[in-house]
Amino acid sequence: HSGLTLCLFGKIGKGKSLTSIIQHISLPLFSDSDVSMRTLSTPSPALILPRSSPALFNGSSTSSSSFTAETVAMVHSPPPAGLTHPQRCLRQPRDQQGAPIDILPDHAFLQIFAHLPTNQLCRCARVCRRWYNLAWDPRLWRTVRLTGDVLHVDRALRVLTRRLCQDTPNVCLTLETVVVSSCRRLTDRGLYTVAQCCPELRRLEMAGCYNVSNEAIFEVVSRCPNLEHLDVSGCSKVTCISLTREASIKLSPLHGQQISIRFLDMTDCFALEDEGLHTIAAHCTQLTHLYLRRCVRLTDEGLRFLVIYCPSIRELSVSDCRFVSDFGLREIAKLEGHLRYLSIAHCGRITDVGVRYIAKYCVRLRYLNARGCEGLTDHGIEHLAKSCSKLKSLDIGKCPLVSDAGLELLALNCFNLKRLSVKACESITGRGLQVVAANCFDLQLLNVQDCDVPLEALRFVKRHCKRCVIEHTNPAFF
């Protein structure tokens, strides 16, 4: 029990009295008037762990190779009424019974519990009846976060949602965020549970869950109308995002077939094609952040559909989409002043022509990643520098045709530049970097790895940009 007390208060500091601890957390995170809402007699999921396995800490697991048995979600009833604290079950002198932690008010416990991950919150529910009641306060369950390769996540979601639905049958009105990233055992069954029980869901992260299919995603976006953030990166079976047929039929013509998603990450969804992107754009017209890294089947045609239906996109990544060319950038340029962030790294078909379109129409661009675009030259940098004067971050690493002349034009126009990478740019020397350092005083990061830059130039940069972190491969500079 003393170890548990130290676990809860270890972050507050040593040498502080319990009174000072209470004062430190005395501002209530929740009002006391709602504490009586909890039900005492229903079963609850205690701890979601593999059989005969080490405990999980901080929401993560130890090496997956140490687990061999199937993971189960254990269910327990609340502690008996006579058990108010585990230490009171021990036969000890009366003056040693109880613990200082018992004097904390409920709102202090709730404030502590609010910082615990899902698995540790379930552990706390097993300590005593009071902790059970507090741990299952609905206000602590706005987020469910489950991790682990061997976690039986479908069963865990079913048990958790069943417990959270006890006050509002079949519906979890408080649950807004579900994070199951890297839970490789997640299947469509687990997502169907979320879709049926969590109508107020706003954020769903399931990166690396490669067993999930389109049908389960359709079910979630159809039943969760408030969903705004969706991360399906690494879900290789996901090729489209749309409403189910039943949901589409129920919608009135005035409402349309739209989904409220604003943030969508489909990185490493290798099977995504232009037709799927067309469907996504037609249904998710409110998109502002879209990441399509390594969606290698996409072409310029898919980007044309995207711009037609989603004119409010602020951040877009098509890195490593090898079929995207200057024609695709011409379509992206139609986003005009909305676009702030663009990543076209390793798109080998892009040249100065495409960058010129972006520079001419997207004048509010703040971030550009063009690493590995070997067709980019000083002419493209010139158009970018003169039109996008508010640029703050630029990555032109591995662009062998960019030289000191391009850097000088950049430095004389983009005074707000904070991050610059010219890694492995063979034509860059110390002269261009010195001009950058003399004009961009707010520079915070400079990457010159694998560049033939003299030691004097690096020292010059350090003198003029004192807060700048220089990433280099010169062993003489430190």
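A compact table of results
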item: Out of Leu164, Leu104, Leu173, sole residue that is within 27 Å of Cys224 (Cβ to Cβ) and either touching a residue at least 60 places away in the same chain (Cβ under 8 Å) or touching an Asp or Glu at 6+ places or on another chain (Cβ under 8 Å) (or both); result: Leu173
item: Verdict on Phe323 being within 30 Å of Pro225 (Cβ to Cβ), surrounded by fewer than 22 Cβ atoms within 10 Å (Cβ to Cβ) and more than 22 Å from the chain's Cα centre (by Cα); result: no
item: Residue in the stretch 348-366 that is under 23 Å from His472 (Cβ atoms), surrounded by 19 or more Cβ atoms within 10 Å (Cβ to Cβ) and not basic (Lys, Arg) present; result: no
item: Condition check for Arg158: at pLDDT 90 or above, surrounded by fewer than 20 Cβ atoms within 10 Å (Cβ to Cβ) and within 27 Å of Pro199 (Cα to Cα); result: yes
item: Enumeration of residues in the stretch 179-200 that are more than 13 Å from Arg158 (Cα to Cα), surrounded by fewer than 24 Cβ atoms within 10 Å (Cβ to Cβ) and either touching an Asp or Glu at 6+ places or on another chain (Cβ under 9 Å) or of a type in the set (Gly, Ala, Ser) (or both); result: Val179, Ser181, Ser182, Arg184, Arg185, Glu200
item: Where Asn119 falls short, out of the listed (1) outside any loop (DSSP other than H, G, I, E, B); (2) within 22 Å of Val221 (Cα to Cα); (3) under 24 Å from the mean Cα position of the chain (by Cα); result: (2)
item: Some residue of the stretch 234-249 being within 26 Å of Val153 (Cα to Cα), touching a residue at least 40 places away in the same chain (Cβ under 8 Å) and under 21 Å from the mean Cα position of the chain (by Cα); result: yes
item: Verdict on Gly432 being of a type outside the set (A, V, I, L, M), under 23 Å from Tyr341 (Cα atoms) and out of contact with any Gly (no Cβ under 7 Å at 6 or more places or on another chain); result: no
item: Where a residue in the stretch 185-214 is within 12 Å of Asp231 (Cα to Cα) and its partner, wherever it lies, is assigned to a helix (DSSP H, G or I), with Cβ under 8 Å and at least six apart; result: Leu204/Val194; Leu204/Val220; Met206/Leu191
item: Neighbours by Cβ (under 6 Å, 6+ apart or cross-chain): first from the stretch 323-340, free of Cβ contacts under 8 Å to residues at least 60 places away in the same chain and hydroxyl-bearing (Ser, Thr, Tyr); second surrounded by fewer than 22 Cβ atoms within 10 Å (Cβ to Cβ) and not in a helix (DSSP H, G or I); result: Ser325/Arg349
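Matching residues to (1) within 21 Å of Ile344 (Cα to Cα); (2) in contact with a Cys (Cβ under 6 Å, 6 or more places away or on another chain); (3) surrounded by 19 or more Cβ atoms within 10 Å (Cβ to Cβ):
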| position | (1), (2), (3) |
| --- | --- |
| Ile396 | yes, no, yes |
| Ala437 | no, yes, yes |
| Cys440 | no, no, yes |
| Val448 | yes, no, yes |
| Pro454 | no, no, no |
| Ala457 | no, no, yes |
| His472 | no, no, yes |
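The values are calculated or read from the model by the stated rules, or taken from the named source; none is laboratory data. Since the structure is predicted, the reported quantities are computational estimates derived from the model, not experimental observations. Note that each Cβ is placed from the backbone with ideal geometry, even for glycine, and that neighbours are counted across all protein chains shown.
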